[in-house]
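*Asks:* After the C-alpha cells below, expect a handful of questions from me.
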Amino acid sequence: MFTFDFATEPLLSQVRALIPDTTPPGIFSDDEINMFINLESSQGLYVSGQGAPTASSRTVVPLVYSVRRSAAMALDVIANKLTRLAGVVQILDVKLQLNVAAAQAKANAKDLRDQEARLGSFAIAELVYDQFSARERIYSQLLRLEGNG
C-alpha cells in the first residue's frame, strides 16, 4: 500500500517527502516506511526527567520519532540496492552510473543525520542502582524543578 497524506499519516508522509518517494507506486510500501520510523524511534530507551522521575517500572516513557533519521535509513537501503546493481553499466545505448547515485544517496543520508544532530535535542539518563541512589535521584530532580540544580 502507498500513502502520502499529511492529514492521516504525517510521520510516514514526512519521511516520504525527504526521500523523495511521493508518487505511487513508490519506492517503499507503507509497512517499510513505518518499519524505518519504528527502528529510529525512542522506544525501549530509558528516558530520565519528568518521564520517569522515580525510576518506577510503571512510568510511561514518552515515544519520540525521528523523521530525518528514518529517511536516512531509507536512503541507506536505496544506496545499498543501487550498489548491488552497479554491475549493470549499460542497457542498450543508455549508460547507468548507479555507483554515483548510491554515493549521492549515502551523502543525503549523512546530511539528514547531521541535521538531526544539529537540532539540539538530547536526553539525559540517570541510573538508579538501589534505594539510596533512588532517593538521591528524586532529591536532584526536585532541585532541578525548583531551578536550584
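The values are calculated or read from the model by the stated rules, or taken from the named source; none is laboratory data. Owing to the predicted nature of the structure, the values given are computational and were not obtained by experimental measurement. Cβ: placed from backbone, ideal geometry, glycine included. Neighbour counts: every protein chain shown.
*Asks:* Mind checking which pairs have a first residue in region 116-130 that is modelled with pLDDT under 65 and a second that is part of a loop (DSSP other than H, G, I, E, B) and not small (G, A, S), Cβ under 7 Å, 6 or more apart or different chains?
*Replies:* Sorted first by the residue in region 116-130, then by its partner, the pairs are A123/V47.
*Asks:* Let me ask another. Can you name every residue in region 8-47 that is aromatic (F, W, Y) and either at pLDDT 90 or above or on the phi > 0 side of the Ramachandran plot (or both)?
*Replies:* Step one: of region 8-47, the residues aromatic (F, W, Y) are 28, 36, 46.
Once the filter is applied, which keeps residues that are aromatic (F, W, Y) and either at pLDDT 90 or above or on the phi > 0 side of the Ramachandran plot (or both), region 8-47 yields F28, F36.
*Asks:* Now for a different question. Scanning region 1-41 for residues that are free of Cβ contacts under 8 Å to residues at least 24 places away in the same chain, of a type in the set (A, V, I, L, M, F, W, C) and surrounded by 13 or more Cβ atoms within 10 Å (Cβ to Cβ), which turns out nearest to K81 (Cα to Cα)?
*Replies:* Of everything passing the filter in region 1-41, M35 is nearest to K81 (Cα to Cα).
*Asks:* Let me ask another. All but one of (1) out of contact with any Asp or Glu (no Cβ under 8 Å at 6 or more places or on another chain); (2) free of Cβ contacts under 8 Å to residues at least 60 places away in the same chain hold for A74; which doesn't?
*Replies:* It is condition (1) that A74 fails.
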